[in-house]
Amino acid sequence: MTSHPASASAVAVDSPKVNDYTGFAEAYAADNETNLLNAHYERPAMLDLAGDVAGRRILDVGCGAGPLSAALRDRGALVSGFDASSGMVELARRRLGDDADLRVADLGSPLPYADDTFDDVMASLVLHYLKDWAPALSELRRVLKPGGRMIASVEHPFAMNLMHRQAGREAEYNYFDTTNWTDEWTMGGRSALMSRWHRPLHAMTDAFTTAGFRITVISEPASDPAARELFPEAIAATPRFLCFLFFVLEADRAVSGG
């Protein structure tokens, strides 16, 4: 659900104090709805990679306030979603209706879905909140049908490196380490500490293949064409920018769930 890699420092923060999306759910959802990086870069890229989803059963992982779920449903998908934030799930329910299959659940813990349930899993800007990807990927592989797809976006592994180099803080950061970064986000007058885990590209790909996925696409897309008119100054300065990295993964048919 993250918006963008903001300025960060390597500060250890107790997990109950961080990533409290419920505390600023309304403000975050409003920003996410129209901003450049989510509404006109990340979400269109995820939908483009998903392609024709009509009739497909899809799990929206870290669904937030439900904008991706709504877009998939509009395209004919049968969508379920979950998020660790009860506040975000409540906003998603307002958008999608009381009959929508939306749950509060924690990625990395056992998920409340049967084996081989979904054709696709959409993991939109959620994996980088986890230190250890193995339990989460195992569960997502379990609930996917053999041959099903996981479409995932994460903070680009080189973006943090580039940010520190531009700020002259190379000594604080090693691209090849798996590192926790926390920073404070302020939206709508509400602030929250956000904690994410950087890992190098090879650590990501190793985690995917170990969990039983075959990597079919790695993408660094351009922004939505509409962004040129809506954000002319930002796009003029950086028509293509290093922010998120996208994967399409196929659940290996040789690996059984459970």
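Data for the structure
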item: Where a residue in region 73-95 is under 20 Å from Leu47 (Cβ atoms) and its partner, wherever it lies, is among the basic types (Lys, Arg) and in a helix (DSSP H, G or I), with Cβ under 7 Å and at least six apart; result: Val79/Arg73
item: Residue ID - surrounded by the most Cβ atoms within 10 Å (Cβ to Cβ), chosen from residues in region 95-130 that are closer than 22 Å to Tyr21 by Cα and polar (S, T, N, Q); result: Ser124
item: Residues satisfying the stated conditions in region 147-185, i.e. surrounded by fewer than 17 Cβ atoms within 10 Å (Cβ to Cβ) and modelled with pLDDT of 95 or more; result: Gly147
item: Residue under evaluation Phe208, criteria (1) farther than 30 Å from Lys145 by Cβ; (2) of a type in the set (Phe, Trp, Tyr); (3) at pLDDT 95 or above, criterion not met; result: (1)
item: Asp83 modelled with pLDDT of 95 or more, within 23 Å of Ala226 (Cα to Cα) and not basic (Lys, Arg); result: no
item: Restricting region 211-258 to residues that are among the aliphatic types (A, V, I, L, M), modelled with pLDDT under 85 and surrounded by 12 or more Cβ atoms within 10 Å (Cβ to Cβ), the residue that is farthest from the chain's Cα centre (by Cα); result: Val255
item: Single condition Trp133 does not satisfy, out of (1) over 22 Å from Ala39 (Cα atoms); (2) surrounded by fewer than 19 Cβ atoms within 10 Å (Cβ to Cβ); (3) touching a residue at least 40 places away in the same chain (Cβ under 8 Å); (4) not hydroxyl-bearing (Ser, Thr, Tyr); result: (2)
item: Listing of strands (runs of 3 or more DSSP E) fully contained in region 190-258 that carry 3 or more residues being of a type in the set (Val, Ile, Thr) and out of contact with any Cys (no Cβ under 7 Å at 6 or more places or on another chain); result: 213-219
item: Those residues of region 204-250 which are in contact with a Pro (Cβ under 6 Å, 6 or more places away or on another chain) and not acidic (Asp, Glu), in sequence order; result: none
item: Residues located in region 38-55, provided they are assigned to a helix (DSSP H, G or I) and among the acidic types (Asp, Glu); result: Glu42, Asp48
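The values are calculated or read from the model by the stated rules, or taken from the named source; none is laboratory data. Just so you know, these numbers come straight off a predicted model, no measurement behind them. In this analysis, Cβ positions are derived from the backbone assuming ideal geometry, glycine residues included, and neighbour counts consider all displayed protein chains.
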